[in-house]
1. Does residue 103 satisfy the criteria of being of a type in the set (Asp, Glu), closer than 19 Å to residue 144 by Cβ and at pLDDT below 95?
2. Is it the case, given these coordinates, that residue 31 is closer than 18 Å to residue 155 by Cβ, surrounded by 13 or more Cβ atoms within 10 Å (Cβ to Cβ) and at pLDDT 90 or above?
3. In contact (Cβ under 8 Å) with a residue 40 or more places away in the chain, under 21 Å from residue 28 (Cα atoms) and aromatic (Phe, Trp, Tyr), is that true of residue 124?
4. List the number of the failed condition for residue 145; all other conditions in (1) over 29 Å from residue 48 (Cα atoms); (2) exposed (fewer than 13 other Cβ atoms within 10 Å of the Cβ) hold.
5. Please pick out the residue among 59, 110 that is surrounded by fewer than 20 Cβ atoms within 10 Å (Cβ to Cβ) and farther than 26 Å from residue 22 by Cα.
6. Of all residues in the range 40-56, which are of a type in the set (A, V, I, L, M) and either over 19 Å from residue 96 (Cβ atoms) or surrounded by 15 or more Cβ atoms within 10 Å (Cβ to Cβ) (or both)?
7. Residue pairs, Cβ under 7 Å, 6 or more apart or interchain, first in the range 60-88 and more than 23 Å from residue 112 (Cβ to Cβ), second basic (Lys, Arg). List them.
8. Of all residues in the range 34-80, how many are modelled with pLDDT under 90 and not small (Gly, Ala, Ser)?
Amino acid sequence: MKKVLAIAAFAFGLSFASNAQSISPNAIGIRAGAGNGLGTEISYQRAMGSNNRLEIDLGLNSNDNLTVIGINGVYQWVWNLDGGLNWYAGAGAAVATWDYDDDFPGSPEGGLNIGATGQLGLEYNFDFPLLLSLDWRPNFWVLDDAGFDWNGIALGIRYQF
């Protein structure tokens, strides 16, 4: 029984390895629409292997009462579905600082949040150096304003080089 399980696990792993597609060494662009208070983020991806990469996103959002600056770093695993279509999942960390001015005494005026983040998405890698993605990246804040932030779906547009 142990041999059968070992062979099945090996075959399963081999199917992923044979279906892997090489990812671009670098990609830079924007990630927009996440609903995480950061607005549009500047996004950079760096390949760490044939199907692994690191994504770093920097966001700044400022309006009349709230200013948020944040950075997310996510290590991702990428799997090819068909042709240029990939799906990916990852885990990482997030740091955000915020300043809120509501003119009410006793309400919080700012802080620093540190947390863990996950990411799940689909992307299409065109034959020319363009990468489009849709992903979801929830955050679990553990410092200052502890809690879970569901966020929303974000559109990524990146130039690959």
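1. Details: of a type in the set (Asp, Glu): yes; closer than 19 Å to residue 144 by Cβ: no; at pLDDT below 95: yes.
Criteria not met by residue 103.
2. Judged against the criteria, residue 31 is a match.
3. For residue 124, the condition - in contact (Cβ under 8 Å) with a residue 40 or more places away in the chain, under 21 Å from residue 28 (Cα atoms) and aromatic (Phe, Trp, Tyr) - is met.
4. (2)
5. On the way: 59 fails: surrounded by fewer than 20 Cβ atoms within 10 Å (Cβ to Cβ).
Of the residues listed, the single one that is surrounded by fewer than 20 Cβ atoms within 10 Å (Cβ to Cβ) and farther than 26 Å from residue 22 by Cα is 110.
6. Looking only at the range 40-56, we keep the residues that are of a type in the set (A, V, I, L, M), and these are 42, 47-48, 54, 56.
Across the range 40-56, the qualifying residues are 47, 48, 54, 56.
7. Correct list of pairs: 76/53; 78/53.
8. Step one: filter the range 34-80 for residues modelled with pLDDT under 90, giving 34-40, 60-68.
Of the ones still in play, those that are also not small (Gly, Ala, Ser) are 36, 38, 40, 60-61, 63-68.
Of the residues in the range 34-80, 11 are modelled with pLDDT under 90 and not small (Gly, Ala, Ser).
The values are calculated or read from the model by the stated rules, or taken from the named source; none is laboratory data. All figures in this text were calculated on a predicted structure; none of them were measured in a lab. Note that we place each Cβ from the backbone using ideal geometry, even for glycine, and neighbour counts take in every protein chain shown.
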